[in-house]
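Notes follow the structure.
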Amino acid sequence: MTTLVAPRLTLPRLSARQRVGGLLLALLLAFAWLVPWLSDADPARQQLTRILQLPSLAEPLGTDHLGRSLLARLAAAIRLSLGMALLSVITAAVPGVLLGVLAGWRGGWLDRVLGSLADACLALPGLLLVLLLVAIAPGNFWTLYVGISLVLWIEYFRLVRARTRALAASPQLEASRLLGFGPLYLFRRHLWPELAPQVLTLAAFGAASAILAMAALGFVSVGLRPPTAELGLMMIELLPYYHEAPWAMAQPIVVLFVLVLGLNLLAGRDPR
């Protein structure tokens, strides 16, 4: 008599490009979390006698136009951006995947209702939806987070629903269903191994989109408010001083570039 063993859920191996992206993100995370342990600088503390100081041993990245430590502010901005991205992706991916599997598996009226809901949300431009929510409670982190999550879940739903429709008719899944296996086993054994690479790729792109959206809203002064350390807000605050301190203006731009680059490399694959 043979014994059926539940399969292990394994993640796909990372390519060289994905390892580079993971390394960039790991370096940024190490910087963001080690700075508070190694330095007691307060990202919101103003020192008007130290305005736009050049990098030194006391301040490795210099100070901004209010004498605040750019080292502390960049570390806080990275933690905020990655935290927002992770929270938005998880909040969007979980309902998006579950509703997509449910719609693709069951079909019928449930598929039509959920598809119509996704189409209705998709009819409103994502940035406009975020701006409407931000206008209700300006400067509120949770309003910004909810708006970005509402935009991202549709992508997971549409992708997973389309893939589930094709996988539900596969001979392997039909055989397992006839043998009496339950929905949880069918999902773990047949659906998730096929969905995982695409969902994780979409999650990396979604995190990059969330970071760019938050920075764009901060740059046009409709996102988070001062003295919050946020990359887009830091750019617009330092923009009038780009002649006197171009090195200060470049720092949030470089950090945003490396963040988005790392996530895009992590989502990409080497061509075969």
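Considered as a group, the residues in segment 214-272 that are open to solvent by 70 Å² or more (accessible area, probe 1.4 Å) and modelled with pLDDT of 95 or more include one that is farthest from ARG68 (Cα to Cα), and that residue is PHE257. Of all the numbered requirements in (1) assigned to a helix (DSSP H, G or I); (2) at pLDDT 90 or above; (3) not hydroxyl-bearing (Ser, Thr, Tyr), LEU52 misses one, and that requirement is (1). Looking only at helices (runs of 4 or more DSSP H) that fall completely inside segment 115-209, which ones have 3 or more residues that are within 30 Å of GLY22 (Cα to Cα)? Qualifying helices (runs of 4 or more DSSP H): 126-136, 141-168. Within segment 56-97, the only residue that satisfies the criterion of being of a type in the set (Lys, Arg) and either under 14 Å from the mean Cα position of the chain (by Cα) or open to solvent by 50 Å² or more (accessible area, probe 1.4 Å) (or both) is ARG79.
For segment 98-123, the set of residues classified as of a type outside the set (D, E, K, R) and either touching a Cys at 6+ places or on another chain (Cβ under 9 Å) or exposed (fewer than 13 other Cβ atoms within 10 Å of the Cβ) (or both) consists of GLY108, TRP109, VAL113, SER116, ALA120, ALA123, listed by residue number. Residues in segment 17-55 that are under 24 Å from LEU86 (Cα atoms) and open to solvent by 50 Å² or more (accessible area, probe 1.4 Å): ARG17, ARG19, VAL20, LEU23, ALA26, LEU27, LEU29, PHE31, TRP33, LEU34, PRO36, TRP37.
The values are calculated or read from the model by the stated rules, or taken from the named source; none is laboratory data. Quick caveat: nothing in here was measured; it's all calculated off a predicted structure. Methodologically, a virtual Cβ is constructed for each residue, glycine included, from the backbone with ideal geometry; neighbour enumeration extends over all protein chains shown. For accessibility, only protein heavy atoms count, side chains too; no ligands or nucleic acids. Shrake-Rupley method; radii C 1.70, N 1.55, O 1.52, S 1.80 Å.
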